[in-house]
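Participant: Before anything else, here's the structure in question.
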Amino acid sequence: MSELAVIIDGKKYQVEIKSPPQAGTSAFEVVVNGEKKLIEVPGWDQNIVEWHWFEIEGRSYEVDIDQELNWVKSPNGLHRIEVQDIRAGKQARPASRDNRVKAPIPGLITAVFVEAGQKVEAGQPLLILEAMKMENEINAPVTGVVSKLNAHVGKSALLNEVLAEIE
């Protein structure tokens, strides 16, 4: 059983995954804030970024999920997400594979807290990226030195644009 804290646009949900789907099935039970839900995910055994739709209690939802688990896009708009493994006490988001800091969503850079050559700690705020009237703090994925900084206040960032590199 997995216990996750899922934060969507600042609203926190406690999610317990009772058991993953068994071979040959795509349905499983979860508990969201104490309420049981049956979820069906066609292709559940594929990478999460391959999911484009799923059903909760028989109701279909179409989504696009950022492979870094920073956002999910639905017909209602783009929503910032954060996934934490409660038992492990850490972010469930995949770690950066190459120490590049990419824009998780398109937006406007409204603050930059570091400069090239500066030493940073993992989790330290690097900049603020504003999107859809929400301020998104972008943090260092690793401890190191900012070797490149492609961000400045007022710059519009595209999705997955490299904003900084840390060595």
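Participant: Just grab the label-to-label distance for Asn99 and Leu159, each label 7 Å out from Cα along the Cβ direction, in nm (one decimal).
Facilitator: Taking the two extended label points, one gets 2.8 nm.
Participant: Same structure, new question: Under a cut-off of 25 Å between alpha-carbon atoms, report the lysines in cross-link reach of Lys36, not counting same-chain residues fewer than 8 places apart.
Facilitator: Those lysines meeting the cut-off are Lys11, Lys12, Lys18, Lys73, Lys90.
Participant: At 0.36 nm per residue, minus the direct Cα-Cα distance, what do Ala27 and Glu167 gain on full extension? Give it in nm, one decimal, please.
Facilitator: Extending this stretch completely gives an extra 46.2 nm.
Participant: Cβ under 12 Å from Lys36's Cβ, Lys36 left aside: what net charge do those residues give with Lys, Arg +1 and Asp, Glu -1?
Facilitator: -2
Participant: Which GluC sites (Glu not before Pro) does region 107-145 hold that lie in a coil by DSSP with at most 15 other beta carbons within 10 Å?
Facilitator: Here the sparse-neighbourhood loop sites are Glu115, Glu121.
Read-outs: derived from the displayed coordinates by stated rules, not from any lab. Everything numeric in this text was worked out from a predicted model, so none of it was measured. For neighbour counting, all protein chains shown are included, and Cβ atoms are generated from backbone atoms with ideal geometry for every residue, glycine included.
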